[in-house]
Amino acid sequence: MPEEVLFQTESAQSRAEIASYLRSVADKLDAGDDITLTAGGDSVTLSPPDQPTFEVKAEREGPADSPGELSVEFELEWSENGDAGSGGGQSGLEIE
């Protein structure tokens, strides 16, 4: 299935600034509100359902024998008709 990027931004941020963005998203999810992402002249509003699929992924990119780039990705996924995402799989995620 082809992917269409509706919104994207990337910039260096402090850990505190990133935490603030994540708290804002968490507050919107908790309240059942829409999430609006805005940067420059770009904006998109999304309406996650009550039970989207939540994916957490940690990755290392680069050659096995030298330093690479590490990342952690948090993804919410659902169909456009408002149904929950297609995931299931593992449960019992813990973040410490």
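Within the range 58-77, residues that are on the phi > 0 side of the Ramachandran plot reach partners that are not hydrophobic (A, V, I, L, M, F, W, C) with beta carbons closer than 9 Å, at six or more positions or on different chains, in the pairs GLY62/GLY68; GLY62/GLU69.
If you scan the range 33-42, which residues turn out to be loosely packed, with under 11 Cβ neighbours inside 10 Å and more than 18 Å from GLU80 (Cβ to Cβ)? Residues satisfying the conditions are GLY40, GLY41.
Quick grid of which residues meet (1) loosely packed, with under 10 Cβ neighbours inside 10 Å; (2) more than 20 Å from ASP34 (Cα to Cα); (3) at pLDDT below 95; (4) polar (S, T, N, Q):
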position: VAL56; (1), (2), (3), (4): no, yes, no, no
position: GLU61; (1), (2), (3), (4): yes, yes, yes, no
position: SER66; (1), (2), (3), (4): yes, yes, yes, yes
position: GLU80; (1), (2), (3), (4): yes, no, yes, no
position: ASP83; (1), (2), (3), (4): no, no, yes, no
position: GLN90; (1), (2), (3), (4): yes, yes, yes, yes
position: GLU96; (1), (2), (3), (4): yes, yes, yes, no
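Which one is surrounded by the most Cβ atoms within 10 Å (Cβ to Cβ) among residues in the range 1-24 that are in contact with a strand residue (DSSP E or B) (Cβ under 6 Å, 6 or more places away or on another chain) and not aromatic (Phe, Trp, Tyr)?
Selected residue: LEU6.
Checking each residue in the range 28-49 for being among the charged types (D, E, K, R) and without any contact (Cβ under 8 Å) to a residue 12 or more places away in the chain picks out LYS28, ASP30, ASP33.
The values are calculated or read from the model by the stated rules, or taken from the named source; none is laboratory data. In this text, all values refer to a predicted model and were calculated from it rather than measured experimentally. Ideal geometry is used to build each Cβ from the backbone, glycine not excepted, and the neighbour counts take in all protein chains shown.
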